[in-house]
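Trainee: This is the structure I have questions about; it appears just below.
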Amino acid sequence: MSRTVLVTGGNRGIGLAIAQAFAKQGDRVAITHRGSGAPDGIFGVRCDVTDSESVDAAFAAVEAEFGPVEVLVANAGITDDTLLLRMSEEQFTRVLDTNLTGAYRCAKRASSKMLRAKWGRMIFISSVVGLSGGPGQVNYAASKAGLVGVARSITRELGTRNITANVVAPGFIETDMTAVLSDERRAEILKSIPAGRMASPEEVAAVVTWLAGDSAGYISGAVIPVDGGMGMGH
Ligand code: NDP
């Protein structure tokens, strides 16, 4: 059965791979971008997840094109790494506002239509760092850990309505976000990954499409790692 899917930050990186995987299986896919436009063949809406009005307008545009969002993938995210002593409050709150509050804005906007349909899937893209922490990542790790609480609370609130909320926690994935790492940092990280390699965005997308499908209907409030063993299941 084909579904209406919205992937935030689906114009590139992991979000794009997720959008393409849903499109490949025949779903109606929309992505958000912040001005770059949509990739070929995918419906794009402009949206900044730090702005509720922008989120509302994006959902309205998707609804007008495809009908209510049935699968939400809250993927948009940023990093702004620096050690705690140097981290300004602005750096902390900006990352939280995008990664955590942004996901809340989208989940809230999606939930009323999912409740009406008595079906829905919410998938939050967290990170291995959300559970293990990372030096220089107090803001990022806090935002990604927060998504676990969001998904589990939604599970408790909406679980009886065929709505699931899960977290996918990738490890180190080849995208623009990790391309900025120094060779030294990259080598250090590789040593901590039992699989001994980084992953492709498609390997994250495969888990997301599976979680959105009917066969995963009894999985909710879960954190699914896609990290080559880095977090050992956490
Ligand atoms: P990228 O940096 O490649 O892409 C980030 C995406 O988020 C872009 O589409 C960007 O849009 C969008 N975005 C950022 N801020 C906003 C905003 N305020 N409103 C709307 N969209 C926004 O990152 P990745 O593809 O690597 O990461 C995707 C997700 O996966 C993130 O949540 C990240 O934290 C998470 N993740 C990534 C890992 C990795 O190793 N790469 C590991 C673990 C988790 P724009 O193009 O307009 O900037």
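The values are calculated or read from the model by the stated rules, or taken from the named source; none is laboratory data. The structure presented is a predicted model; accordingly, all values stated were derived computationally and were not measured. With ideal geometry, Cβ positions are generated from the backbone for all residues, glycine too; neighbour counts draw on all protein chains shown.
Trainee: So, in region 91-118, of the ones that are more than 20 Å from Arg3 (Cα to Cα) and of a type in the set (Ser, Thr, Tyr), which residue ends up nearest to the ligand (Cβ to nearest atom)?
Mentor: Here the residue is Thr98.
Residue-wise test of (1) of a type outside the set (D, E, K, R); (2) surrounded by fewer than 14 Cβ atoms within 10 Å (Cβ to Cβ); (3) in contact with an Asp or Glu (Cβ under 9 Å, 6 or more places away or on another chain).
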| site | (1), (2), (3) |
| --- | --- |
| Ile31 | yes, no, no |
| Gly44 | yes, no, no |
| Val49 | yes, no, yes |
| Glu53 | no, yes, no |
| Phe59 | yes, no, no |
| Gly67 | yes, yes, no |
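Trainee: Just need a number here: residues in region 19-50 that are of a type outside the set (Lys, Arg) and in a loop (DSSP other than H, G, I, E, B).
Mentor: Total satisfying the criteria: 15.
To keep it simple, each residue is scored yes or no on (1) assigned to a helix (DSSP H, G or I); (2) buried (at least 24 other Cβ atoms within 10 Å of the Cβ); (3) touching a residue at least 24 places away in the same chain (Cβ under 8 Å).
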position: Glu90; (1), (2), (3): yes, no, no
position: Asp97; (1), (2), (3): yes, no, yes
position: Gly102; (1), (2), (3): yes, yes, yes
position: Ala107; (1), (2), (3): yes, no, yes
position: Ser112; (1), (2), (3): yes, no, no
position: Leu115; (1), (2), (3): yes, no, yes
position: Arg121; (1), (2), (3): no, yes, yes
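Trainee: When both residues are 6+ apart or on different chains and their Cβ atoms are under 8 Å apart, which pairs have a first residue that lies in region 183-203 and is assigned to a helix (DSSP H, G or I), and a second that is surrounded by 14 or more Cβ atoms within 10 Å (Cβ to Cβ) and among the hydroxyl-bearing types (Ser, Thr, Tyr)?
Mentor: Every condition considered, the pairs that remain are Arg186/Thr178; Pro201/Thr175.
Trainee: Separate question: Might you let me know whether region 6-15 holds any residue that is closer than 19 Å to Glu174 by Cβ, crowded, with 23+ Cβ neighbours inside 10 Å and more than 7 Å from the ligand (Cβ to nearest atom)?
Mentor: Yes.
Trainee: Could you tell me whether any residue of region 167-177 is farther than 20 Å from Asp227 by Cβ and either of a type in the set (Phe, Trp, Tyr) or more than 9 Å from the ligand (Cβ to nearest atom) (or both)?
Mentor: So far as region 167-177 goes, no, none of its residues is farther than 20 Å from Asp227 by Cβ and either of a type in the set (Phe, Trp, Tyr) or more than 9 Å from the ligand (Cβ to nearest atom) (or both).
Trainee: Pick from Ile219, Ile189: which is at pLDDT below 95 and touching a Ser or Thr at 6+ places or on another chain (Cβ under 9 Å)?
Mentor: One residue alone meets the criteria, Ile189.
Trainee: If you check every pair at least six apart or on different chains, which have Cβ atoms under 6 Å apart with a residue in region 206-229 that is in a helix (DSSP H, G or I) first and a residue that is buried (at least 20 other Cβ atoms within 10 Å of the Cβ) and of a type in the set (Lys, Arg) second?
Mentor: Pairs found: Ala212/Arg121.
Trainee: While we're on this one: Are there any pairs with C-beta distances below 8 angstrom linking a residue in region 6-18 that is under 16 Å from Ala61 (Cβ atoms) to a residue that is aromatic (Phe, Trp, Tyr), with the two at least 6 apart or on different chains, and if so which?
Mentor: Pairs found: Leu6/Phe59; Val7/Phe22.
Rundown of residues vs (1) in contact with a helix residue (DSSP H, G or I) (Cβ under 8 Å, 6 or more places away or on another chain); (2) aliphatic (A, V, I, L, M); (3) loosely packed, with under 13 Cβ neighbours inside 10 Å, yes/no style:
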residue	(1), (2), (3)
Leu158	yes, yes, no
Thr164	yes, no, no
Val168	yes, yes, no
Lys191	no, no, yes
Val208	yes, yes, no
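Trainee: If I filter region 155-163 for residues that are more than 15 Å from the ligand (Cβ to nearest atom), part of a strand (DSSP E or B) and in contact with a Gly (Cβ under 7 Å, 6 or more places away or on another chain), do I get at least one hit?
Mentor: Yes, some residue in region 155-163 is more than 15 Å from the ligand (Cβ to nearest atom), part of a strand (DSSP E or B) and in contact with a Gly (Cβ under 7 Å, 6 or more places away or on another chain).
Trainee: Among the residues of region 71-90 satisfying the criterion of being within 23 Å of Asp51 (Cα to Cα) and of a type in the set (D, E, K, R), which is farthest from the ligand (Cβ to nearest atom)?
Mentor: Filtering first and then ranking leaves Glu89.
Trainee: Ok, one more. Can you name every residue in region 119-135 that is of a type in the set (Gly, Ala, Ser), within 14 Å of the ligand (Cβ to nearest atom) and over 13 Å from the mean Cα position of the chain (by Cα)? It would help to see each step written out before you state the result.
Mentor: Restricting attention to region 119-135, the residues satisfying the condition of being of a type in the set (Gly, Ala, Ser) are 120, 126-127, 130, 132-134.
In the following step, the residues that additionally are within 14 Å of the ligand (Cβ to nearest atom) were identified as 126-127, 130, 132-134.
The answer is Ser132, Gly133, Gly134.
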